[in-house]
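Participant: A single structure is presented below for examination.
The values are calculated or read from the model by the stated rules, or taken from the named source; none is laboratory data. Just so it is clear, the model here is predicted, and its values are computed rather than measured. Here the Cβ positions follow ideal geometry from the backbone for every residue, glycine too, while neighbour counts run over all protein chains shown.
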Amino acid sequence: MRHVLTRQPLYDMIRERAVSKVAPELGISDVALRKQCVKHALAGCPLLGPAACRTSGQA
């Protein structure tokens, strides 16, 4: 099944849950999802997962 996500929904999904949890829901590997995040300029906090956001005070 093919998923089409725009930048904001992808960002929201990564912000809520870790990449390793979101990727299987989309039917892709976490590496492929990380590449999509880089492609859509979603670098930084979301790539590290929600725990990293909380510890850095961004959540």
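Participant: Under the condition of being part of a loop (DSSP other than H, G, I, E, B) and either in contact with a Cys (Cβ under 7 Å, 6 or more places away or on another chain) or among the small types (Gly, Ala, Ser) (or both), which residue from the stretch 9-28 is modelled with the highest pLDDT?
Facilitator: Of the stretch 9-28, the ones part of a loop (DSSP other than H, G, I, E, B) are 17-18, 27-28.
Imposing the further condition that a residue be either in contact with a Cys (Cβ under 7 Å, 6 or more places away or on another chain) or among the small types (Gly, Ala, Ser) (or both) reduces the set to 18, 27.
Numbers: Ala18: 85, Gly27: 89.
Within the stretch 9-28, the match that is modelled with the highest pLDDT is Gly27.
Participant: Okay, next question. Being exposed (fewer than 13 other Cβ atoms within 10 Å of the Cβ) and at pLDDT below 55 narrows it down to one residue among Thr6, Thr55; which is it?
Facilitator: On the way: Thr6 fails: at pLDDT below 55.
Unique residue meeting the criteria: Thr55.
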